[in-house]
Each structure stands twice: as C-alpha cells, then as structure tokens.
Amino acid sequence: MTRRTYYLPTDVATALDEAVGRLRDATGGRTAKHEALAAILTAGCEQVPMLAEQLRAALLAELTRDSETDTSAS
C-alpha cells in the first residue's frame, strides 16, 4: 500500500466520501474504506479516454468564449 495526498475541491471530496460510504453500505460494511476508494479510482482510471475528451471539449469551449469576448471588445 501507498499513502498519497491529493487536493480536491470540497464538493468533490464530499462526493467521494459519500460514494465510498455507499459502496461500504452495499457490502454490509465488509469492504474496507481503502478497498472502496480503490474500486472507485480504478473505475475512473478506466474512463480516462472519455474524461480526456470531455476536458478537451470544455477547454475548447472556454477558449472559444474567451476569443469571442476579445473580438467583441475590440
């Protein structure tokens, strides 16, 4: 096992804690917190291609908005 520190927005950390709790509840508390967290992170890692596309689309939309704002301000 490895211990790491990650900084997350508060709402994301809260959602993650709640998801871990739901997984633990679903197994009658027989799943350790680290096992539930590992399952969530593993599922997220498997979604990286889709997540990368979503992030690229969001960045492109932001750049487009910024460019339109700069053009209209001129």
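The values are calculated or read from the model by the stated rules, or taken from the named source; none is laboratory data. Keep in mind that what you see is a predicted model, and the values were worked out from it rather than measured. Quick reminder, even Gly has a Cβ in these numbers, built from the backbone with ideal geometry, and neighbours come from all protein chains shown. Heavy atoms of the whole protein, side chains included, go into the accessibility calculation; ligands, DNA and RNA do not. Shrake-Rupley method; radii C 1.70, N 1.55, O 1.52, S 1.80 Å.
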May I ask you to say which residue of T31, T69 is open to solvent by 70 Å² or more (accessible area, probe 1.4 Å) and on the phi < 0 side of the Ramachandran plot?
T69
Name the pairs whose Cβ atoms lie under 7 Å apart, with the first residue in the stretch 38-64 and free of Cβ contacts under 8 Å to residues at least 24 places away in the same chain, the second open to solvent by less than 90 Å² (accessible area, probe 1.4 Å) and assigned to a helix (DSSP H, G or I), and 6 or more positions between them or separate chains?
A39/L23
Considering only the stretch 1-16, state which residues are farther than 13 Å from A39 by Cα and open to solvent by less than 100 Å² (accessible area, probe 1.4 Å).
L8, P9, V12, A13, T14, A15
Among the residues in the stretch 43-60, are any surrounded by 12 or more Cβ atoms within 10 Å (Cβ to Cβ) and either basic (K, R) or at positive phi (or both)?
no
